[in-house]
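Beneath this line is the structure, given in structure tokens, with notes to follow.
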Amino acid sequence: MFERPAAGERAVIVQLDFGVADISEQLAEVRLLAASAGALVCAEVYGKRHGPDAATYAGKGKVQEIGAELAAQGADLVIFNHALSPGQERNLERVLQCRVIDRTSLILDIFAQRAQSSEGKLQVELAQLDHMATRLVRGWTHLERQKGGIGLRGPGETQLETDRRLLGKRVKLLKARLVRLERQRGVQRKARGRAEVLNVSLVGYTNAGKSTVFNGLTHAGAYAADQLFATLDTTSRKLWLGEGCSIVLSDTVGFIRDLPHALVAAFHATLEATAQADLLLHVVDSASPAREDQIAEVDKVLAEIGAIEVPQLLVLNKLDLTGLPAAVERDEYDRITAVRVSAKCGDGLPLLRDALTEMAQEKLHNARGRRLADNALPNPDTVLESDSSL
């Protein structure tokens, strides 16, 4: 499995500005990521560049600055808030003489710590192995030599080739297990579809408050914390809304900027439930200055998993930090577009329940209308018999 930073491990963060984003927001986010992984951030190195350096990403001068901070702070881990190539990681480790991880590795590590269910652990391991496959050469240069010596003479392949072959077998096994779990999920979704129940999935940027909204509506007691990726394993509860109306509400993993593609692929079975939902409750941290960018990032991931066409209801959370009142927003056709709530304080949650009731009743009404229309159609066999008697 992937190496995990030990709790309290001293780390230096590197953030470079290529002139395309808000550096302060990115720094704040990577600080939270590092803390969520258990690292103690003791220094930050940032600078401006026109583009990444091919060999070390940061360039020779900036790497020397990173080395100076490592020595001054007694740190032994460097975290780049960027995606590094395997070659860049190796070059940086060779120069800095310490471990270097990129944003993808950091997120994978957090996922490895958070996964609780057997399915979540399988998905995380698959993503880690996919990421590790291109990085097997790290620290393994002695394994490039051909096998030899007493007890080591073998099939004529290097140890590195053997490890890649074994890794490939493990990946194949994990994918097979996840396919079986995906089929089980499909059967459960079909059963809920036949029951004419509105299937609702909570989506949103990580730490937007999805699990707090989920607990506020269902009293499920799902784990909620002020940290990134507090929820990995999907939790579903049936929510009774009165008047013979109910929905199935699912709390899912949060999204983030530059979410690793390996994670999106590995969590396909989990994220497919989002694509199959009737409605997405898109929870937004309304107090965040980067909320519009976060909404765009969530929509980008939804498009990647085939869920962008699923109807969305914006849940503007954390009103306790903005001072705005709880309210329901509607468009010119009187359709609900957003609900302003504070899940932490409970303000606006009754309005959200009312909005869900309205949408669930509309689905139930449409489903009954389609069923009545289908029953009213003439039986083709009966028509053929009457025609033959003429």
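The values are calculated or read from the model by the stated rules, or taken from the named source; none is laboratory data. Predicted model, so just to flag it, every value in this text is computed and none were measured. With ideal geometry, Cβ positions are generated from the backbone for all residues, glycine too; neighbour counts draw on all protein chains shown. Ligands, DNA and RNA are stripped out before the accessible areas are found, and what is left, the full protein with its side chains, is counted by its heavy atoms. Shrake-Rupley method; radii C 1.70, N 1.55, O 1.52, S 1.80 Å.
If you take the residues of the stretch 221-269 that are assigned to a loop (DSSP other than H, G, I, E, B) and among the charged types (D, E, K, R), which of them is modelled with the lowest pLDDT?
ASP226
Among the aliphatic types (A, V, I, L, M), modelled with pLDDT of 90 or more and at negative phi: does that describe VAL63?
Yes; evaluated as a whole, the condition is true for this residue.
Can you find even one residue in the stretch 73-89 that is touching an Asp or Glu at 6+ places or on another chain (Cβ under 8 Å), modelled with pLDDT under 85 and closer than 22 Å to VAL30 by Cβ?
no
Among ALA360, ALA343, which is among the small types (Gly, Ala, Ser) and in contact with a Phe, Trp or Tyr (Cβ under 9 Å, 6 or more places away or on another chain)?
Answer to the selection: ALA343.
Pick out the one residue from GLN123, GLN146, GLN116, GLN159 that is touching a His at 6+ places or on another chain (Cβ under 9 Å), open to solvent by 20 Å² or more (accessible area, probe 1.4 Å) and either within 26 Å of GLY254 (Cβ to Cβ) or modelled with pLDDT under 70 (or both).
GLN159
Within the stretch 1-104, which strands (runs of 3 or more DSSP E) (wholly inside it) include 1 or more residues that are among the acidic types (Asp, Glu) and free of Cβ contacts under 8 Å to residues at least 40 places away in the same chain?
Result: 9-17, 39-48.
Given the conditions (1) outside any helix (DSSP H, G or I); (2) over 18 Å from ARG257 (Cβ atoms), and given that GLU272 satisfies all but one, which numbered condition is not satisfied?
(1)
Would you tally the residues in the stretch 287-342 being part of a strand (DSSP E or B) and surrounded by fewer than 18 Cβ atoms within 10 Å (Cβ to Cβ)?
5
Has the stretch 255-265 got at least one residue that is under 23 Å from PHE111 (Cα atoms) and among the charged types (D, E, K, R)?
yes
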